[in-house]
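S.K.: Pasting a structure here, questions to come.
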Amino acid sequence: MKYVSDRILVPQDIRERKGSFFTPQQWVELSQKYIGDVLGEDWQDEYYIWDCAAGTGNLLAGLTNKYNIWASTLDKADVDVIHDRIKNGANLLEDHVFQFDFLNDDFTKLPKGLQDIINSEKKRKKLVIYINPPYAEDTNKSNRIETSFKGRVAKNKIHDKYANLLRKANHELFAQFLARIYNEIDGCRLANFSKLKSLQSPNFSGFRNFFLAKLEKVFIVPAFTFDNVTGQFPIGFFVWDTGKKEEFKKVAADVFDKDGNFITEKNIWNYDNAQYINEWLKLLRETQNYKKQIGILNYRGNDFQHESYIFIDNLGAENSTKFSINIHNLIEASIYLSVRKVVKPIWLNDRDQFLCPNDGWKGDTDFQNDCLTFAIFNTNIQSKYGVNHWIPFTEEEVNAKDNFESHFMVDYIKDKTIHEESAELFGELTKKHKALKFSDEAKAVFKAGKKLWQYYHSQPTANVNASLYDIREFFQGRDDSGKMNNSSGDTQYNELIADLRSALKTLSLRIQPKVYEYGFLVK
């Protein structure tokens, strides 16, 4: 990402405000400034404005020409609230604020003045639909959404009318709003707050094929700065020209932090023609020719939202897709786990998609071995569920009290004669192979890991075949709910695990640039 600190994108008084969070009303002020950047300083006098999802009128504050402003909302109670505000000095006209169900009512129910604007091709081009539509999503088979949006259901007239065009996006109320605006108020300007799904989500590919409007300007902000929103994801403000038919491919969005500071520009991509990382993994699964597994890679989704579903263990997890790891795909499985983990999910990258890589990684053994190292020390393998094939040390190196059940990982890493039990896992590859060479950062991880294993095996009740997960559980224990505690009462263990985590963080920083270089993520 390109960081820019000196661009003046908003008025100075907004830039200098202090406080823990920007408020939703301050984002409204910023949105009106962005509309002005596109339409000109006098846009409020030259354009008509209609908020067709007005609620109690939060977007209307700051607008100056009451004769050009229209506001409609689903509930009569909200209309009454705005009318009360008008009586107390709000700069609006009572006759321009009215009850209207945008997803069900016909435009013939609109006030005549607004109908005249919509029915005139010339005036429509001077109409700005300025909205913060509901984000409710229908996620069940009954098509019912229980939300703060007055218990509305997703199945309405607009849902039925545009079902074949919107496809999966039709489960989102904000997509229904945008579809009707685009198709039935053709040529208008659209300025809306919404999630980034309309630009990036695979479920919105049908929407993007239908919604061919020119995206003029965008900024994105943390969703948790809005009232009653706690999620770590971005909310965008978009200024569209529906009169210009253009397929969205990419946009450079301005990014503001929770305090209203401009921090960077971020490229937002349309991934419709891209191949996702899980397609790459499925190809590996389909071509593997040896079934003896040493673990299972659980995976789900292609974006940062699903990071918690990505892990290696002995057993398949519910609600995840499983990939059997063996000698033939260990490196690829390690790469998959690593690239999904080394770039941490934050609110800003929530919608970024992991993609099928280019072939650059195939010739980069340093990258491959860094990822293998990262994976070895980031599994959920537990010895109680089967043989632990992920011990990267010999018995002598960690002073184990007995032989390990498996020497697979050491045999894989080192140039040495393969133990009999590992030969079965290697299948036809029973001959010696070249020892793997590791970067200094990877060596530091092994060094820290060895000290931790040595300390664990010095305990009287140590399980000789313990995995890293077992070691953590041994020292950290679990709370009354069964969740593993975050730390231990053993000071030496806490220091050793902290050293290992620090080494892994350094290794992650080494891997991160290649995640982008090889196309797993795009900037």
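Rule-based calculations on the coordinates, nothing more; no lab input. Please read all numbers here as calculations on a predicted model, not as lab measurements. Note: ideal-geometry Cβ built from the backbone for every residue, glycine included; neighbour counts use all protein chains shown.
S.K.: Against the longest alpha carbon principal axis of the chain, how many degrees, from 0 to 90 and to the nearest 10, is the axis of helix 365-376 turned?
M.R.: For 365-376 against the chain, the angle is about 90 degrees.
S.K.: Ok, one more. In percent, what relative contact order does the chain have, based on Cα pairs under 8 Å that are 6 or more apart in sequence?
M.R.: Once divided by the residue count of the chain, the mean separation gives 10 percent.
S.K.: Charges on Cβ only, +1 for Lys and Arg, -1 for Asp and Glu, centred on the Cα centroid of the chain; of TYR412, LEU348, ASN156, which one is farthest towards the dipole's positive end?
M.R.: ASN156
S.K.: Can you divide the C-alpha Rg of region 198-293 by 2.2 N^0.38 Å and report the result to two decimal places?
M.R.: With N residues counted in region 198-293, Rg over 2.2 N^0.38 Å equals 1.46.
S.K.: Let me ask another. Excluding the sites themselves, what is the longest stretch of the chain that contains no GluC sites (Glu not before Pro) in a DSSP loop with at most 13 other C-beta atoms within 10 Å?
M.R.: Working: sites that count: GLU16, GLU41, GLU146, GLU246, GLU247, GLU318, GLU428.
Here the longest segment lacking exposed loop sites spans 319-427.
S.K.: Dividing the Cα radius of gyration by the Kirkwood radius, what Rg/Rh value follows for region 431-523?
M.R.: Numbers: Rg = 16.7 Å, Rh = 15.5 Å.
Across region 431-523, the Cα-based Rg/Rh ratio is 1.08.
S.K.: Using C-alpha positions alone, give me the convex hull volume of region 254-333 per residue in cubic angstrom.
M.R.: 137
S.K.: Please report, in whole Å³, the volume per residue of the convex hull around the C-alpha atoms of region 77-125.
M.R.: On the way: hull volume 4.4 nm³, N = 49.
Each residue corresponds to 90 Å³ of Cα convex hull volume.
S.K.: Let me ask something else. Could you work out [θ]222 nm for the chain from helices alone, using -39500 (n - 2.57) per DSSP H run of at least four and dividing by all its residues? Round to the nearest 500 deg cm²/dmol.
M.R.: -10000 deg cm²/dmol
S.K.: Moving on. Along the principal axes of its C-alpha atoms, what lengths does region 277-517 span, in descending order and rounded to whole Å?
M.R.: In descending order, the Cα extents are 48, 46, 36 Å.
S.K.: Stretched out fully, how many nm does the piece from GLU517 to LEU315 gain, at 0.36 nm a residue minus the Cα gap?
M.R.: Extra length available between GLU517 and LEU315 comes to 69.5 nm.
S.K.: Okay, next question. For region 12-269, calculate the relative contact order in percent as a whole number, restricting contacts to Cα pairs under 8 Å that are 6 or more residues apart.
M.R.: This gives 17 percent for region 12-269.
S.K.: Moving to a separate point now. Quote the charge dipole size of the chain about the Cα centre in Debye, to the nearest 20; the model charges only the Cβ of Lys and Arg (+1) and of Asp and Glu (-1).
M.R.: It comes to approximately 740 debye.
S.K.: Select one label from (1) 171; (2) 182; (3) 155: the one whose number is volume of the Cα convex hull per residue in Å³ as derived from the coordinates shown.
M.R.: Here the calculated entry is (2).
S.K.: Let me ask something else about it. Estimate the FRET efficiency between SER458 and ASN164 by the formula 1/(1 + (r/R0)^6), using the beta-carbon distance for r and 51 Å for R0, to the nearest 0.05.
M.R.: 0.15
S.K.: Still on this structure, please answer the following. Output wanted: per-residue J couplings in Hz (rounded whole) for region 241-248, from phi through Karplus 6.51 cos²θ - 1.76 cosθ + 1.60, θ = phi - 60°, x for Gly and Pro.
M.R.: 10, 6, x, 10, 7, 8, 6, 6
S.K.: Could you work out how far the C-alpha centroid of region 441-514 sits from that of region 57-101, in angstrom?
M.R.: So the two Cα centres are separated by 59 Å.
S.K.: Calculate the spin-label point distance for SER487 paired with ASP116, positioning each point 7 Å from the Cα along the beta-carbon direction, and give it in nanometres.
M.R.: Each label point lies 7 Å from its Cα, and together they span 7.1 nm.
S.K.: Using Cα centres only, tell me the gap between region 305-377 and region 184-217 in whole Å.
M.R.: 32
S.K.: Let a ≥ b ≥ c be the square roots of the eigenvalues of the Cα gyration tensor of region 12-269; is it rounded (a/c under 1.5), or, if not, prolate (a/b larger than b/c) or oblate?
M.R.: rounded
S.K.: If r is the Cβ-Cβ distance from LYS258 to GLU307 and R0 is 30 Å, what FRET efficiency results, to the nearest 0.05?
M.R.: 0.90
S.K.: Which value in nm describes the separation of the simple spin-label points at LYS76 and ALA498, placed 7 Å from the Cα toward the beta carbon?
M.R.: Between LYS76 and ALA498, the label points sit 6.5 nm apart.
S.K.: Still on this model: Using Cα atoms only, what is the angle between the long axis of helix 440-457 and the major principal axis of the chain, expressed in degrees (0 to 90) to the nearest 10?
M.R.: 60
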